[in-house]
Amino acid sequence: MNTLSDQAALVTGASKGIGQAIAMDLAEQGIYVFINYQSDKAGARHTVDTIISRNGRAETIQFDVTIQAQCEAAVKDIIQQRGRLDILVNNAGIRDDHLFAMMKKPAWEMVMETHLTGFYHMTRPVVRQMLRQKKGRIITISSTAGQMGNAGQVNYSAAKAGVIGATKALAREIGSRGITVNAVAPGFIETGMLQGLDLDKIRQTIPAGRLGQPEEVAAVVSFLCSSRAGYVNGQVIGVNGGMV
């Protein structure tokens, strides 16, 4: 039986925000964490340095989730180094908001490529490894936008709804092999992703009356990664202050 200190996790988009909080939380449990970034090398390095300063273990790994070959190579490198991969957190994401009537195709395609096609690129090679291990945890960060829709975010809402469907289907495929597949759907979390939005107006729509914190999302993800969540599979857990 593998201890937490033997386990390895990969968190995509972990240089800041929710991904960074998740990586730090997992590392505090003794798990070795690979901090993925696409371009924010300084942010990823800061995440690693913070983890190490707290006696955790982590390292950066650079690749783009929209490029299949890079994702497959990254998983291969992790397996060669650690011998296993126990946890995948699909967190990398972008926004490119426009009213749908004004939305150009590149804005649609890039959001879809990052969230939904990125899920395919990243999860497929990880599933193959986890099937060999007969054990694993896959958590994808969706959004309340994928559950209820959000005006001005048709592309983002569609992509996040897509990963919910993919999560539920994959959970049915591999749930009998010791692998759980779940999604966490944050609401409005206080990160850079909210830049440019009217936060005072947003707070009025949240029953809790405030924005969420990245650490509150990380706590749910960490539970889903734990042995205590072995019977939680194919679920979407909201962290949204009561919006859905």
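Nothing in this text is a laboratory measurement; each read-out follows from the coordinates by a stated rule. Treat the numbers as computed from the prediction; the structure is a model and nothing was measured. Here the Cβ positions follow ideal geometry from the backbone for every residue, glycine too, while neighbour counts run over all protein chains shown.
Structure above, values below:
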quantity	calculated
Residue within segment 181-192 that is polar (S, T, N, Q) and either within 20 Å of Lys16 (Cβ to Cβ) or not in a helix (DSSP H, G or I) (or both) present	yes
Selection count where residues are surrounded by fewer than 18 Cβ atoms within 10 Å (Cβ to Cβ), among the β-branched types (Val, Ile, Thr) and closer than 25 Å to Gly13 by Cα, scope segment 206-235	1
Test set (1) touching an Asp or Glu at 6+ places or on another chain (Cβ under 6 Å); (2) surrounded by fewer than 23 Cβ atoms within 10 Å (Cβ to Cβ) - Gln129 fails condition number	(1)
The listed residue being within 27 Å of Ile202 (Cα to Cα) and either in contact with a Phe, Trp or Tyr (Cβ under 7 Å, 6 or more places away or on another chain) or not basic (Lys, Arg) (or both), out of Ile138, Ile87, Ile164	Ile164
Checklist (1) of a type outside the set (Gly, Ala, Ser); (2) without any contact (Cβ under 8 Å) to a residue 24 or more places away in the chain; (3) under 28 Å from Ala44 (Cβ atoms) applied to Asn90, failing item	(2)
Cross-chain or 6+ apart pairs with Cβ under 7 Å, segment 43-58 first and free of Cβ contacts under 8 Å to residues at least 60 places away in the same chain, then in a loop (DSSP other than H, G, I, E, B)	Gly43/Ser15; Gly43/Lys16; Ala44/Ala14; Ala44/Ser15; Thr47/Ala14; Thr47/Ser15
Condition met for Leu99 (loosely packed, with under 15 Cβ neighbours inside 10 Å, of a type in the set (A, V, I, L, M), touching a Gly at 6+ places or on another chain (Cβ under 8 Å) and under 25 Å from Gly162 (Cα atoms))	yes
